[in-house]
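Engineer: Below is the structure I would like to discuss, written out as structure tokens.
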Amino acid sequence: MNLILELANYIGIIAFAISGSMKGIKKGMDLLGVLVLGFSTALGGGITADILLGIKPPTNLVYLPYPLTALLASFLTFLFYKMFTNVGKPLLYADAIGLGAFTASGASLAYSIDPSPLLVIMIGTITAVGGGVIRDMLSNEVPVILTREFYATAVIIGSGIYFLLRYEGESNYYDIIISFLITTVLRIIAMKLKWELPKVTNT
């Protein structure tokens, strides 16, 4: 994995861990609950994707820098919760960067195992948003990605673009960077313009 994507990966792990930890604190969880929610949000999507691809044990459980980063970010969020409540906007941008990184890395991994468009898009999506789904389920909530915001849609588009570029014979290095950038930029634009998918309004 290239240096830019690796750095973005760590940004994503930290942002997602903080997001999960803050949700745990708001739900009144103790330290263990906060650590579990932060860890699951940051790494749950990648672990799920690895299991589906038959990678045993999952990379996020054996490459120690990843789980240690997630646990440390979760612990610091628990200790300095009030400080993190004041960094909402920077955290959203960090989340967007992580979303792009996880999308590109998941799509790349899937393509290396089987160049199937459905597999690449599904694994790219699960890697990027799976942790958030686990967070919401553990918090007894309907997953946010199913109810509002242009979030998972950006991931699906980014994963699909990765597949198309790779299928056309482009370099994996550039495919990863382009997928990362498109997913991240789409998410940031969606936040600024408040994009949402259409839904049925109950009256």
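The values are calculated or read from the model by the stated rules, or taken from the named source; none is laboratory data. Here the structure is a predicted model, which means the values were calculated and not measured. Note that each Cβ is placed from the backbone with ideal geometry, even for glycine, and that neighbours are counted across all protein chains shown. Surface areas here come from the heavy atoms of the whole protein model, side chains and all, with no ligands, DNA or RNA. Shrake-Rupley method; radii C 1.70, N 1.55, O 1.52, S 1.80 Å.
Engineer: Report yes if Tyr81 is in contact (Cβ under 8 Å) with a residue 40 or more places away in the chain and crowded, with 21+ Cβ neighbours inside 10 Å, otherwise no.
Structural biologist: no
Engineer: Which residue pairs have Cβ atoms under 9 Å apart, sit 6 or more places apart or on different chains, and have a first residue in region 7-20 that is free of Cβ contacts under 8 Å to residues at least 24 places away in the same chain and more than 20 Å from Phe78 (Cβ to Cβ) and a second that is in a helix (DSSP H, G or I) and open to solvent by less than 10 Å² (accessible area, probe 1.4 Å)?
Structural biologist: Pairs that qualify, where the first residue is free of Cβ contacts under 8 Å to residues at least 24 places away in the same chain and more than 20 Å from Phe78 (Cβ to Cβ) and the partner is in a helix (DSSP H, G or I) and open to solvent by less than 10 Å² (accessible area, probe 1.4 Å), are Leu7/Ala101.
Engineer: State all residues of region 62-77 that are within 20 Å of Ile126 (Cβ to Cβ) and open to solvent by 90 Å² or more (accessible area, probe 1.4 Å); if no residue qualifies, say none. Spell out the reasoning first.
Structural biologist: So in region 62-77, the residues within 20 Å of Ile126 (Cβ to Cβ) come out as 62-63, 66-67, 70.
Result: Tyr63, single match.
Engineer: Here is a follow-up. Would you mind finding the one in Leu68, Leu99 that is modelled with pLDDT of 95 or more and either hydrophobic (A, V, I, L, M, F, W, C) or touching a Leu at 6+ places or on another chain (Cβ under 7 Å) (or both)?
Structural biologist: Values: Leu99 fails: modelled with pLDDT of 95 or more.
On inspection, the qualifying residue turns out to be Leu68.
Engineer: While we're looking at this one, here's another question. Filter region 167-185 for residues that are of a type in the set (D, E, K, R) and not in a helix (DSSP H, G or I) and give the result. Walk me through how you get there before you give the answer.
Structural biologist: Within region 167-185, the subset of a type in the set (D, E, K, R) is 168, 170, 175.
Answer for region 167-185, where residues must be of a type in the set (D, E, K, R) and not in a helix (DSSP H, G or I): Glu168, Glu170.
Engineer: Can you go through Ala110, Ala94, Ala104 and tell me which one is over 14 Å from Arg187 (Cβ atoms), assigned to a helix (DSSP H, G or I) and open to solvent by less than 50 Å² (accessible area, probe 1.4 Å)?
Structural biologist: Numbers: Ala94 fails: over 14 Å from Arg187 (Cβ atoms); Ala104 fails: over 14 Å from Arg187 (Cβ atoms).
Sole residue among the options that is over 14 Å from Arg187 (Cβ atoms), assigned to a helix (DSSP H, G or I) and open to solvent by less than 50 Å² (accessible area, probe 1.4 Å): Ala110.
Engineer: Let me ask another. Check Glu141, Glu168, Glu196 and return the single one that is among the acidic types (Asp, Glu), over 15 Å from the mean Cα position of the chain (by Cα) and surrounded by 13 or more Cβ atoms within 10 Å (Cβ to Cβ). Give the derivation first.
Structural biologist: On the way: Glu141 fails: surrounded by 13 or more Cβ atoms within 10 Å (Cβ to Cβ); Glu168 fails: surrounded by 13 or more Cβ atoms within 10 Å (Cβ to Cβ).
None of the other options fit; the residue is Glu196.
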